[in-house]
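Engineer: Before we start, here is the structure in question, set down as structure tokens.
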Amino acid sequence: MLKIQFKKTDFKATKADLGLVFIPKKNLKQKWIDSKNFKNFGYEGEGIFLDQQAHILYVGVQDLNVDALREASFQAVNFIRKMPFKNLKLGIYGDNEIMQGIFLGLLLGMYEFNQYKSKKNIPTLKEIFIVNEGITKTIPKNLEKDISTAEILAQSLILARDAINTPPEDATPLFLAELAQKIAKENKLTCKIGDEKFLAKEKMGAFLAVNRASVHPPRLIHLIYKSKKPKAKVVLVGKGLTYDSGGLSLKPADYMVTMKADKSGGCAVLAIMNAVAKMEIDIELHGIVGATENMIGGDAYKPDDVLFSREGKSIEVRNTDAEGRLVLADCLSYAQDIKPDCLIDFATLTGACVVGLGEYTSGVMGHNEELKTRFENAATRAGELATKLSFNKHLKKLIDSKIADICNVASSRYGGAISAGMFLSEFIREEYKDKWLHIDIAGPAYVERDWDINTYGASGAGVRACVQFLLDFIKKD
Ligand code: BES
Ligand code: ZN
Ligand code: ZN
């Protein structure tokens with residue numbers, strides 16, 4: 001990872017191969033651009049201008065706010081990543097929150113998933129100097145802490161991205177369990193791994209059915225972090241489908257590609273555990289991941305099957321591609337036994353959520369308006385897009401079953417994100433209804449066109465939003 005260093009010297013006095021300067025859009029005059037004779041490289045913001053004589057990289061920004069500056073920082077590093085600069089200097093552009101955003105953007109600008117390339121680009125850029133000069137009157141205090149927080153977030157996002165990007169033949173449930181054990185060892189967490197025998201003992205009939213046709217055994221991962229004086233007990237649950245072929249209700253070929261990313265919720269949970277432990281947040285945090293594949297074969301569970309879940313409810317299967325909710329139903333049941341003050345699940349649950357909200361926004365569902373708002377606000381503050389979707393009794397009726405307690409798909413093709421959320425709600429006990437949030441990250445989890453601080457592949461959606469939510473949660477409770 002890049003090293004970010006705070007310097008005591010001003011911009012001019014700091015020696016570096018390249019200087020980085022952000023220019024607000026309103027100051028980007030065409031005349032000035034023309035006079036400089038540089039090429040405009042353009043990015044979704046306002047453009048990147050390299051002055052080769054002065055060794056300055058100008059990056060246009062819409063505004064000098066944290067979102068624009070985080071993205072511009074990412075674009076700047078991403079742009080020069082393959083150029084022969086060893087170090088880069090830049091000044092102060094605002095308060096601690098803004099600077100933390102800038103640091104995160106700079107760090108992620110270097111990210112590339114190249115583990116499967118025979119020729120790897122070895123980047124020359126190694127160091128970033130933050131100079132003691134900027135557009136603010138006073139230099140924000142304790143920038144070292146913001147550098148360290150950004151480093152933890154970047155490292156955690158990269159951890160999630162690498163795991164999600166890993167092909168399904170390598171990233172199996174066992175792989176996720178080993179990754180969890182590695183995180184546990186590094187951060188002194190407790191790690192419990194449940195195998196198929198454990199799932200059977202726990203009566204997780206829904207989870208087990210999804211796994212049946214897979215040659216890879218399932219795993220239930222349970223990580224525990226406990227600070228000295230925890231202010232709250234929160235349980236996170238993640239959908240860890242290492243591959244979703246759709247099962248017997250097979251996905252069409254084009255829709256199957258990218259389904260290695262169906263483990264994004266689970267990987268986000270692992271990354272959040274890592275970040276929270278490294279940030280030493282005053283909390284008791286549990287991370288549960290239901291890891292399995294959803295495959296086809298003679299042993300596959302079928303449309304028409306009736307499954308028995310850990311909560312005791314029977315489930316009529318009408319579509320084996322609605323498998324995430326089956327795995328989550330059993331994991332949420334297990335999670336409630338931990339008696340959390342707050343329970344949040346993360347899942348790439350429905351294509352309908354992507355259709356409804358677009359590829360950039362997560363859906364926030366649950367029964368508690370205030371809790372949903374708190375998550376939405378935390379996401380916004382952390383630079384993620386999330387919006388509330390409301391449950392209603394009419395959609396609930398659509399998942400009624402004639403032969404079992406509930407059906408795994410709705411009888412209408414509309415409102416699929418909400419009806420999936422309402423299916424999960426059926427497995428939440430009355431006393432936890434107001435403590436539960438369901439986050440559908442199907443849209444932003446996987447990136448096919450670069451946007452914001454995300455390049456092709458996994459984004460790590462949910463990680464920043466959740467860490468921010470937990471920081472706010474322990475403050476308020
Ligand atoms: N993993 C998918 C949802 C998904 C789709 C995630 C696109 C990311 C991008 C999920 O298991 C699924 O297949 N859901 C079905 C549900 C349907 C059968 C009711 C869907 O969304 O089509
Ligand atoms: Zn599916
Ligand atoms: Zn799925």
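The values are calculated or read from the model by the stated rules, or taken from the named source; none is laboratory data. Please read these numbers as outputs of a predicted model, since none were measured by experiment. So basically every Cβ, Gly included, is an ideal-geometry build from the backbone, and we count neighbours across all protein chains shown. For accessibility, only protein heavy atoms count, side chains too; no ligands or nucleic acids. Shrake-Rupley method; radii C 1.70, N 1.55, O 1.52, S 1.80 Å.
Engineer: Normalising by the residue count of the chain, find the relative contact order in percent from Cα pairs under 8 Å and 6+ residues apart.
Structural biologist: 14 percent
Engineer: Now, a different point. Where nothing but the Cβ of Lys and Arg (+1) and of Asp and Glu (-1) is charged, how large is the charge dipole of the range 166-476 around its Cα centre, in debye to the nearest 20?
Structural biologist: Dipole of the range 166-476, to the nearest 20 debye: 900 debye.
Engineer: Turning to a different aspect of this structure: Return the carbon/sulfur percentage of the accessible area of the chain, one whole number, probe 1.4 Å, all protein chains in place.
Structural biologist: 51 percent
Engineer: Calculate, in nm to one decimal, what residue 65 and residue 195 gain on full extension: separation in residues at 0.36 nm each, minus their alpha carbon distance.
Structural biologist: Computed gain between residue 65 and residue 195 is 42.1 nm.
Engineer: Of the listed pairs 182/393; 313/372; 263/339; 226/433, which have alpha-carbon separations greater than 32 Å here?
Structural biologist: In this structure, 182/393 lie more than 32 Å apart at Cα.
Engineer: Report for the range 3-141 the percent antiparallel among DSSP-assigned beta bridges with both residues inside it, nearest 5.
Structural biologist: Around 20 percent of the beta bridges assigned by DSSP in the range 3-141 are antiparallel ones.
Engineer: Nearest 500 deg cm²/dmol is fine: what mean residue ellipticity at 222 nm does the chain get from its DSSP H runs of n ≥ 4 alone, each adding -39,500 (n - 2.57), divided by its residue count?
Structural biologist: -10500 deg cm²/dmol
Engineer: What whole-number value in Å² describes the accessible area per residue of the range 166-476 for a 1.4 Å probe?
Structural biologist: Using a 1.4 Å probe on heavy atoms only, each residue of the range 166-476 averages 39 Å².
Engineer: Where both residues lie in the chain, what percent of DSSP beta bridges are antiparallel, nearest 5?
Structural biologist: Restricted to the chain, the bridges split so that about 40 percent are antiparallel.
Engineer: Here is a further query. Using mean Cβ contacts within 10 Å as the protection proxy, how do 320-329, 384-393, 248-257 order, highest first?
Structural biologist: 320-329, 384-393, 248-257
Engineer: Next question, about the same structure. Residue 254 versus residue 116, label points 7 Å from Cα toward the beta carbon: distance in nm?
Structural biologist: My value for the distance between the label points is 2.1 nm.
Engineer: Right, next: What Kirkwood hydrodynamic radius do you get for the chain when you take the inverse of the mean 1/r over all pairs of distinct Cα atoms, in Å?
Structural biologist: 23.2 Å
Engineer: Still on this structure, I have one more. Set Lys and Arg Cβ to +1 and Asp and Glu Cβ to -1, take the dipole of the chain about its Cα centre, and tell me which of 213, 198, 395 lies farthest positive.
Structural biologist: Sorting the options by dipole projection puts first 198.
Engineer: Set Lys and Arg Cβ to +1 and Asp and Glu Cβ to -1, take the dipole of the chain about its Cα centre, and tell me which of 423, 253, 277 lies farthest positive.
Structural biologist: 277
Engineer: Among residues other than residue 58 whose Cβ falls under 10 Å from its Cβ, what is the net charge (Lys/Arg +1, Asp/Glu -1)?
Structural biologist: -1
Engineer: Order of 112-120, 91-99 by packing, highest average Cβ count within 10 Å first?
Structural biologist: Top to bottom by mean Cβ count within 10 Å: 91-99, 112-120.
Engineer: Using a probe radius of 1.4 Å on heavy atoms only, what accessible surface per residue do you get for the range 3-141? Whole Å² is fine.
Structural biologist: Averaged over the residues of the range 3-141, the accessible area is 54 Å².
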